[in-house]
Amino acid sequence: MNNKKYLINIIVFFTIIAFFSFGFLLKETDEFSASERRALQDFPTMNIDTIVSGKFTKQYEKYLLDQFMFRDGFRGINSNVRFNLLKFSDYNNLYMNNDYISNFEPTMDEKQIKYAISRVNYVIDKYLQDSEIYYSIIPDKNYFMHEFNNTISYDYHELEKLVSDNINSDNYISIFDDLSLDSYYKTDLHWDQSKIIDVANTLLSGMDNPMFSDINNYTVNTLQPFNGVYYGQLGMNIDSESLLYLTNDAIENCVVTSAEINGDLKIYDDNDFNNVDSYDVYLKGAQAVLEITNPNSTNDKELIIFRDSFTSSLTPLMIESYSKITLLDLRYIHSDILSQYVTFDGQDVLFLYSTTILNNGAIFK
Amino acid sequence: MLFSSISFLYVFLPIVCFIYFIVPKKLRNLTLLIASLFFYIYGEPVYTLLLVFSSLSDFIHAKFIYKYADTKKSKYLLISSLIINLGMLGFFKYIDFIIISINNIFNLNVEVLNIPLPIGISFFTFQTMSYSIDVYMKRVKPQRSLVNMGTFVCLFPQLIAGPIVRYTDIEKELDNRSVRLDMISNGIKRFAIGLGKKVMIANLMGEFCAMFRLVEGKSVVFYWLYAIAFSLQIFFDFAGYSDMAIGLGSIFGFKFPENFNYPFIASSITDFWRRWHMTLSSWFKDYVYIPLGGNRVSKVKWYRNIFIVWFLTGLWHGAALNFIIWGLFFGLILVLEKLFILNLLQKVKPLFRHLYVILIVLISFVIFNASTMTQLMNDLRSMFMFNNLPFITVETIYYFKSYIVILLVALILSTPIVPIITNKIKNSKYQNITLLIEPIFIALVLIVTTASLIDGSFNPFLYFRF
């Protein structure tokens, strides 16, 4: 009886160990993790130097973790243990509420925000003396999850005030009231284009633009399954969503050019849905300089938007009011060389950044 | 290499077990020695020579101590062994602390050496010292085989974080031990318990402590939660490691001494130290306290002996002032207990005795974990409401709610409730249920801890720095 018990324990233990050990040996090395959006560690270089310095063992540990069998499944188990068994409120800097996942950023980093504003002011002083300058702030999902969840969060209105007190512009357009939690995707940080028409209208109105639109002006297109950036980071089995994009004749006739890609581009490209970041469908995702020309425009107004990734899905909803919109992303282009790509001659200018980017403003160039 | 790492669980351990169980009995110690040296080289390629030197030095010293027993030569050889061991420990562990202290006292600017601390040096030097002392005291005969001696010192299950295994503990097993199903099975169970304690409790408590230092919105309650979390972290970290070490020892046929016995249920600090890091306490008792005269001296000398032992205990834990204060703090409490507190405690209800112990232990671990004296003072002031902090904040409530389940689990598992229940089951008509529960428990621990490790969770071993 006892021997049987001992044998069962021994067999269970060594079977599990042996299964994963042999599995690891037989498994092919993966180069990239699509769910985590990062390159995986390959087998490290082994020589006297790397062994003596300890570099080999460090990288080998990482290699084992990255290449372990059923890695994504194990990550899912861990997230489930944290959230469903131990009832953690957040994990891996993410937290969940009613299937909405958000990054956990409870602290406002005044230093980083002030640095971001200093870069904005630098651009205003250097290039934009003849322009009407507007600015707006996109609240991240936390703002609404905080109200919803009564969890800890910094004061977003304090952030608004910090920006207002320091930026060289008096034209603030608030879009906080045009958004709610369901304006955002559940598994992604970004907003859903079909839910931000009011945001586009508020911004256009704030910049003295008379043209407004509603959902009936557009055809709604659907791409699925859409798994946002937080989906892979969390590793849990959550229902996929649909990525929506709005089209009409005016949008489809627009011509997009990029400083980084040759030739004319489209506002939306379904092929980019299969990229690591499916949000690249809108205006090719991360681009330093983009120009969107509207050949059907009834005016010659131009707009320059200094932006982050949220603006990719917003710009198509604003293009009908302009003959040209230029998008500049100061995370990917240094502010000293902007004039090589854009001629500044009195266009309207909108600085539109999300709170997440402002709170991590050190990435501004 | 950490026991709680993929490299150990799924590469090192299966290879070593496979080779160990198929080689002839006479080659088993050699197998363990080679595996242990590889285990150490993996984490400390350069300092492996130090480990080999330490083993060799005490092997030779002990041989001649025995040969020249009862002569002055024997005494000199023991002194030589102690100087070498303490010299190594002093140089690698304390030299920078000494330089910084001298600089501060004499306002000098001597450059520190920034020597990395060899992993486990505090453990293996204490083991080799006790071996030479025991040979000198004729408690044991010297080991004749260099392989066996090397196996004793380098044995990977206990090499880097204890328990402090003395030669007398495993002398017979080094020469002759057999593979037994019950020992392997119990070893596996014990290893799984330790792995679970370390990865699923200590690491999560560690995350709480790391988060505590970073977030805003501190409060008095938050500081007390931190004190509780760190006390639980260090207990489950070290007790978990000890369980894994004892379990691995058992798999390979060794019976290592116990290191923890539910210290948080102690009824006094005297009792607490009979339950916490028992192999260190008994080492200091046998090799320092008793040789100093123990309690068979005048009261003044008795108290002096207690303070010496606790000064050294504090210093053993780290080359920093907070560790010395921590040791002396316990020395003071133990003296006060002998003077009057123990008498007082006998007159109060058990609940108050436990509350007293928990209060002292929480304060002690806040001292223990302070990285600077400023932080130490700030932490203690905040706990006792001298820092004008709010009593409670939104952040405190948020993190309390977030960690409440694991805190409760940790508190329950720090008491003997679970073993009491399982023993009752084993002695009841439902004993067959353990046939099912044990393998399920082992499998679950392996899967859940592997998941946690793969997700790259927080995984330091606190006692590696000692």
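The values are calculated or read from the model by the stated rules, or taken from the named source; none is laboratory data. Because the structure is predicted, anything quoted here is derived from the model rather than measured. Neighbour counts are summed over all protein chains in view; Cβ atoms, including those assigned to glycine, are modelled from backbone coordinates with ideal geometry. These accessible areas exclude ligands, DNA and RNA; they are computed on the full protein's heavy atoms, side chains included. Shrake-Rupley method; radii C 1.70, N 1.55, O 1.52, S 1.80 Å.
Mind checking whether some residue in segment B:92-104 is of a type outside the set (A, V, I, L, M), open to solvent by less than 70 Å² (accessible area, probe 1.4 Å) and assigned to a loop (DSSP other than H, G, I, E, B)? Full working, then the answer.
Taking segment B:92-104 first, the residues of a type outside the set (A, V, I, L, M) are B:92-94, B:96-97, B:101, B:103-104.
Going one step further and asking which of them are open to solvent by less than 70 Å² (accessible area, probe 1.4 Å), we end up with B:92-94, B:96-97, B:101, B:103.
This time we only want the ones that are assigned to a loop (DSSP other than H, G, I, E, B), so: none.
Among the residues of segment B:92-104, not one is of a type outside the set (A, V, I, L, M), open to solvent by less than 70 Å² (accessible area, probe 1.4 Å) and assigned to a loop (DSSP other than H, G, I, E, B), which makes the answer no.
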**OP:** Determine whether segment B:209-219 contains at least one residue that is of a type in the set (Lys, Arg), within 26 Å of B:LEU355 (Cα to Cα), in contact (Cβ under 8 Å) with a residue 12 or more places away in the chain and buried (at least 20 other Cβ atoms within 10 Å of the Cβ).
**Re:** no
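Would segment B:71-80 turn up any residue that is modelled with pLDDT of 90 or more, over 15 Å from B:ARG166 (Cβ atoms) and not in a helix (DSSP H, G or I)? Lay out the reasoning, then the answer.
First, pick out the residues of segment B:71-80 that are modelled with pLDDT of 90 or more: B:71-80.
Going one step further and asking which of them are over 15 Å from B:ARG166 (Cβ atoms), we end up with B:71-80.
Cutting the leftovers down to not in a helix (DSSP H, G or I) gives us B:71.
So far as segment B:71-80 goes, yes, one or more of its residues are modelled with pLDDT of 90 or more, over 15 Å from B:ARG166 (Cβ atoms) and not in a helix (DSSP H, G or I).
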Subject >> Number of positions in segment A:4-53 that are in contact (Cβ under 8 Å) with a residue 40 or more places away in the chain and at the interface with chain B (Cβ under 7 Å from one of its Cβ atoms) >> reply: 2
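Working carefully through the options B:ILE437, B:ILE421, find the one that is away from every other protein chain (no Cβ under 13 Å) and loosely packed, with under 15 Cβ neighbours inside 10 Å. Steps first, answer last, please.
Working: B:ILE437 fails: away from every other protein chain (no Cβ under 13 Å).
Among B:ILE437, B:ILE421, only B:ILE421 is away from every other protein chain (no Cβ under 13 Å) and loosely packed, with under 15 Cβ neighbours inside 10 Å.
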**OP:** Could you grab me the full set of residues in segment A:147-175 that are within 14 Å of chain B (Cβ to nearest Cβ) and modelled with pLDDT of 90 or more?
**Re:** A:GLU158
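So, A:ASP155, is that one within 29 Å of A:ASN227 (Cβ to Cβ) and of a type in the set (Asp, Glu) or not? Before the answer, list the steps.
Numbers: within 29 Å of A:ASN227 (Cβ to Cβ): no; of a type in the set (Asp, Glu): yes.
No.
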Original post:
What are the residue pairs meeting all of these: first residue in segment B:370-387, first residue at positive phi, second residue of a type in the set (A, V, I, L, M), Cβ atoms under 8 Å, and 6 or more apart or on different chains?
Top reply: B:MET385/B:VAL220
Original post:
Residues of segment A:170-191 being surrounded by fewer than 19 Cβ atoms within 10 Å (Cβ to Cβ) and not in a helix (DSSP H, G or I), which ones?
Top reply: A:ASP170, A:ASN171, A:TYR172, A:ILE173, A:SER174, A:SER180
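Per-residue answers, yes or no, for (1) open to solvent by 60 Å² or more (accessible area, probe 1.4 Å); (2) out of contact with any strand residue (DSSP E or B) (no Cβ under 9 Å at 6 or more places or on another chain); (3) in a helix (DSSP H, G or I); (4) closer than 19 Å to A:LEU350 by Cα:
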{"site": "A:ILE251", "(1), (2), (3), (4)": "no, no, yes, no"}
{"site": "A:PHE273", "(1), (2), (3), (4)": "no, no, yes, no"}
{"site": "A:PRO295", "(1), (2), (3), (4)": "yes, no, no, no"}
{"site": "A:LEU303", "(1), (2), (3), (4)": "no, no, no, yes"}
{"site": "A:LEU314", "(1), (2), (3), (4)": "no, no, yes, yes"}
Original post:
From A:SER297, A:SER339, which residue is over 22 Å from A:LEU203 (Cα atoms) and modelled with pLDDT under 90?
Top reply: A:SER339
Original post:
Mind checking whether some residue in segment B:376-393 is closer than 26 Å to A:TYR95 by Cβ, within 14 Å of chain A (Cβ to nearest Cβ) and in a helix (DSSP H, G or I)?
Top reply: no
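Listed here are the residues, each with its yes/no results for (1) at pLDDT 95 or above; (2) assigned to a helix (DSSP H, G or I); (3) among the charged types (D, E, K, R).
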position: B:GLU171; (1), (2), (3): no, yes, yes
position: B:ARG177; (1), (2), (3): no, no, yes
position: B:ILE184; (1), (2), (3): yes, yes, no
position: B:ALA192; (1), (2), (3): yes, yes, no
position: B:GLY217; (1), (2), (3): no, no, no
position: B:LEU225; (1), (2), (3): yes, yes, no
position: B:PHE230; (1), (2), (3): yes, yes, no
position: B:PHE236; (1), (2), (3): yes, yes, no
position: B:MET244; (1), (2), (3): yes, yes, no
**OP:** Quick one: which residue in A:MET46, A:MET96 is farther than 30 Å from A:TYR143 by Cβ and not in a helix (DSSP H, G or I)?
**Re:** A:MET46
**OP:** Only residues that are within 8 Å of chain B (Cβ to nearest Cβ) and open to solvent by 40 Å² or more (accessible area, probe 1.4 Å): list them for segment A:54-64, please.
**Re:** A:GLU61
Original post:
Which of the residues that make up segment B:31-70 are open to solvent by 60 Å² or more (accessible area, probe 1.4 Å) and away from chain A (no Cβ under 14 Å)?
Top reply: B:ILE34, B:VAL52, B:PHE53, B:LEU56, B:ILE60, B:LYS63, B:PHE64, B:TYR66, B:LYS67, B:TYR68, B:ASP70
